[in-house]
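A short write-up of the structure that comes next.
The values are calculated or read from the model by the stated rules, or taken from the named source; none is laboratory data. Small disclaimer: the values here were computed from a predicted structure and weren't measured. Glycine also receives a Cβ, built like all others from the backbone with ideal geometry; neighbour counts cover every protein chain displayed.
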């Protein structure tokens, strides 16, 4: 039986898919992987190395690290996916409108997107969270305020390349409304590069949210978010290396998996991109 084309990209694609499937199960049903309370404190068990009782060891409060890594998948992945989802929807709709508008409107709206792209995202996030307050939700909103502009620029470029194609001109000649042409013809034919970018951007969102937690403005204790766990665990890195290592490995594995699937999705949706490393067999 032949696998769907997407999964014929080699062992790395299958491994990445399996890993994200496990991460998704951890997000939706952490009880399948552990029955421990991730916030249960046991000072007599503090900073224990990995063992049968505690497969990944314990933290400075005696909390089981395996339970915290498992339950940490939900805030980590949900925040990253929500951030990219908000940015994708807002940016795609804005890009459609910008690309289909007249020249003056296009230029004016593009200046708005350039304003949000003028500084690195983490700088914007630090500035906005200083006003909005700390916390994972505020970090997601602060990053989404600027991230949408990337999708708007990409969608605009795709719309400009497609808006004068024959099927779009024919739709206008038939008297179809502009909003119908945008949603029925332009959006489906412009969405592939945006979808590829969104898949890869989830990994970047995980890293940025982890960085904000590291800087103290992201997830706050006792929330078992992977970035926050690495931040606290670095204090014990020399004597108790497992504390920061295991949540760090979780971040690394999920980020790598999203990057692999994003590249594979690009190969499938745009075989002429020249970016694929192997051919389908």
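Observations on the structure shown:
- Top-ranked residue of region 15-27 - restricted to ones that are in contact (Cβ under 8 Å) with a residue 40 or more places away in the chain and within 13 Å of residue 71 (Cα to Cα), ranked as surrounded by the fewest Cβ atoms within 10 Å (Cβ to Cβ): 24
- Considering region 62-74, and only residues there that are farther than 16 Å from residue 248 by Cβ and in contact with a helix residue (DSSP H, G or I) (Cβ under 7 Å, 6 or more places away or on another chain), the residue that is surrounded by the most Cβ atoms within 10 Å (Cβ to Cβ) turns out to be 71.
- Some residue of region 154-161 being without any contact (Cβ under 8 Å) to a residue 40 or more places away in the chain and touching a helix residue (DSSP H, G or I) at 6+ places or on another chain (Cβ under 9 Å): yes
- When region 93-105 is filtered for residues that are under 25 Å from residue 258 (Cβ atoms) and surrounded by fewer than 18 Cβ atoms within 10 Å (Cβ to Cβ), only 93 remains.
- Set 90, 79, 108, 125: member being surrounded by fewer than 17 Cβ atoms within 10 Å (Cβ to Cβ) and either modelled with pLDDT under 90 or in a helix (DSSP H, G or I) (or both): 108
- Listing of helices (runs of 4 or more DSSP H) fully contained in region 166-281 that carry 2 or more residues being under 19 Å from the mean Cα position of the chain (by Cα) and closer than 29 Å to residue 135 by Cα: 187-214, 226-233, 242-269
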